[in-house]
Amino acid sequence: MPVFGLIDANSFYCSCQRAFDPALKRRPVVVLSNNDGCAIARTKEAKALGIKMGDAWHLIRKDRKLAGVEWLSSNYPLYADMSRRVFEVLTDLVPRVEPYSIDEMFLDLSGINDLESLCVKLRQDVSQITKIPTCVGWGPTKTIAKLANAIAKDRPELEGVCDLTGAGARERYYRNLDVGEVWGIGRRSVEKLHASNIRTISHYVDADEKLIRAISGILGERIQSELRGDSCLRLSDMAPQRQGVSCTRSFGRPITEPEEMREAVCGFATRAAEKLRGEGLEGGHIAVFIQTSPHARQWGWYSGQRALSIPATNDTLVMVRHATRLLREIWRPGYRYIKAGVHLTDLSPDGAQASLLEPRNMAAESAMRAMDEINQRYGKQVLRPASIGVNRNWSPRQNMLSPRYTTKLAEIMVAGTF
Amino acid sequence: MSGYAGDRTTGFASPAADDIEGPIDLSEALDLRRPSRYPVRVSGATFAARGILPDDVLVVDTSVTAVHGSLVVASVAGRSMLAELRKTGRRWHLHSGDGCRPPVEVAESSDVEIWAAVTGVVRLVV
Ligand SMILES: [Mg+2]
């Protein structure tokens, strides 16, 4: 019988911040979304103050009760590197690990005798090595492992682990938990299920397959099998090759000048082409979009997008040229734009498209390679097409950004001497 | 940077073409990719006599068990500090580098906690 585990970091972004700043220990910490918009991660101290997921920072920042809260801009380079560290600690102890999201990983625990000791050790090692607290749940299917994890997180008395391999243990929780707690059952399905008197997970598991299928489709039926202990979802190794590469941003302030927008969009095209080269890919389709704020319609609302199929390339200058042309077609003066982006799709491995009729442009390729190396060595976009411009004061607001402790030498953790 | 590494010569074929090793990668030499390795910058001079100067970069490891005499990075009342770990009887204490500060006990009650053990030092001169 297969056994799946799910290990999930508690308040992952906040825990990453705490790992490097002991002054944050036991204090309420909140990490904000891009542009310092709203709360996306909270420590339990912050939750206890009533801060909710998605709370807008500008609405609650002045609240007297929240004066002691440490607000932080999201620091994705740090979170990505800490996620890598967690993954690597796990792969030392478990044969197969699937990074499901930046802060949760599925584990293949089949054929292991003392699961409890192993899972306790996983938590200990992750905590010691990366300073990230986690919970682990396990059971015969991914859906059950996910539920076990949620139970471990909700009940402190379980000390961070929950074993749902036994039908008896599952039974007990199934009877008391709402179907809405199950991974993959959406809000709309929950309403319909409740209306049909399917309220607890037990009801769901015992219901007729045809009824479940009628309410929540094939996916719902698969979830039912998984909850019964029949594994339908396998462990995948890592995300399949990406469908597309995007670079999109919300601006720190509205953009109204075409020149400024051109610089922004060229910057996105540059970054997206760089990502392609980093993965040895080329893109055969480019899309550009710009939009105004849906919340400030008094200024007029507009959203424009245009796409183009192109000979596969990852050449920055070619992408910038296409992006500029597409932008010119969708630009409408008089609006206050707050978001824009470039998507590259139709990806193929680098060079696969080369043909005899269109000899590869070796000079351009080595120029791109040189540019990437210089940028890697001296920082993001030291070298860039002139069209990007220099003063990017539309960059997203990140006024409370912490150092990139593990990815930039100039920003590493500092220790005083005792 | 150019992609030339001593191999792709245009006139005479490079006799070294099959033996290209590339420059030394210090990140590899210091094992910085290991999940337990972190770089930490030193700020302060009390360990100068032990050969650790201000601005040095310590390589620390969170998986190594510190022993009597280990140099460690620890959190002391909300600050990260470099200190020497010593055992007296059954208790562990942090000692200062120059003996000017009284030792503090490693204990949750005193808000002193070991973060990692020091495994190396990197210094850039100039
Ligand atoms: Mg989490």
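The values are calculated or read from the model by the stated rules, or taken from the named source; none is laboratory data. Source: prediction; values computed, not measured. When we count neighbours, we look across all protein chains shown, and the Cβ atoms used for this are built from the backbone with ideal geometry, even at glycine.
Below, the figures for the structure above:
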quantity	calculated
Filter result for B:Gly97 (farther than 20 Å from A:Arg404 by Cα, at the interface with another protein chain (Cβ under 8 Å from one of its Cβ atoms) and either among the acidic types (Asp, Glu) or in a loop (DSSP other than H, G, I, E, B) (or both))	yes
Single residue of segment A:138-151 satisfying the filter (within 21 Å of the chain's Cα centre (by Cα) and not charged (D, E, K, R)) that is farthest from A:Gly5 (Cα to Cα)	A:Ala150
Residue, modelled with the lowest pLDDT, within segment A:174-197, restricted to residues that are buried (at least 19 other Cβ atoms within 10 Å of the Cβ) and closer than 22 Å to A:Pro140 by Cβ	A:Ile185
Helices (runs of 4 or more DSSP H) wholly inside segment A:156-265 containing at least 3 residues that are of a type in the set (Asp, Glu)	A:209-228
Selection count where residues are among the aliphatic types (A, V, I, L, M) and within 15 Å of the ligand (Cβ to nearest atom), scope segment A:83-92	2
Tally of residues being within 29 Å of B:Gly120 (Cα to Cα) and either touching a residue at least 60 places away in the same chain (Cβ under 8 Å) or not charged (D, E, K, R) (or both) across segment B:1-32	9
Residue check, B:Gly78 more than 12 Å from chain A (Cβ to nearest Cβ) and on the phi > 0 side of the Ramachandran plot	no
Condition broken by A:Arg61, with the remaining ones in (1) without any contact (Cβ under 8 Å) to a residue 12 or more places away in the chain; (2) in contact with an Asp or Glu (Cβ under 7 Å, 6 or more places away or on another chain) satisfied	(2)
Segment A:122-139, subset of a type outside the set (D, E, K, R) and in a loop (DSSP other than H, G, I, E, B), residue farthest from A:Thr406 (Cα to Cα)	A:Pro133
Hits in segment A:67-79 - residues which are in a helix (DSSP H, G or I) and touching a residue at least 24 places away in the same chain (Cβ under 8 Å)	A:Pro77, A:Leu78, A:Tyr79
Filtered residues of segment B:33-73 (kept if in a strand (DSSP E or B) and within 8 Å of chain A (Cβ to nearest Cβ))	B:Tyr38, B:Pro39, B:Val40, B:Arg41, B:Val42, B:Ser43, B:Val57, B:Leu58, B:Val73
Residue within segment A:93-111 that is within 13 Å of chain B (Cβ to nearest Cβ), in contact (Cβ under 8 Å) with a residue 12 or more places away in the chain and either more than 15 Å from the ligand (Cβ to nearest atom) or under 23 Å from A:Leu409 (Cα atoms) (or both) present	yes
Residue match in segment B:25-32 (condition: within 20 Å of B:Val112 (Cα to Cα), at pLDDT below 95 and more than 7 Å from chain A (Cβ to nearest Cβ))	no
Helices (runs of 4 or more DSSP H) enclosed by segment A:1-64 - at least 2 residues per element that are among the aromatic types (Phe, Trp, Tyr) and either within 30 Å of A:Thr141 (Cα to Cα) or within 16 Å of the ligand (Cβ to nearest atom) (or both)	A:12-20
Meets criteria (within 14 Å of another protein chain (Cβ to nearest Cβ) and in contact (Cβ under 8 Å) with a residue 24 or more places away in the chain) for A:Leu122	yes
Selection within segment A:25-49 - in contact with an Asp or Glu (Cβ under 6 Å, 6 or more places away or on another chain) and in contact (Cβ under 8 Å) with a residue 40 or more places away in the chain	A:Arg27, A:Pro28, A:Val29
Residue pairs meeting the criteria (Cβ under 6 Å; at least 6 apart or on separate chains; first among the basic types (Lys, Arg), in segment B:45-56; second at pLDDT 95 or above and part of a loop (DSSP other than H, G, I, E, B))	B:Arg50/B:Gly97
Condition met for A:Leu308 (without any contact (Cβ under 8 Å) to a residue 60 or more places away in the chain, touching a strand residue (DSSP E or B) at 6+ places or on another chain (Cβ under 9 Å) and among the aliphatic types (A, V, I, L, M))	yes
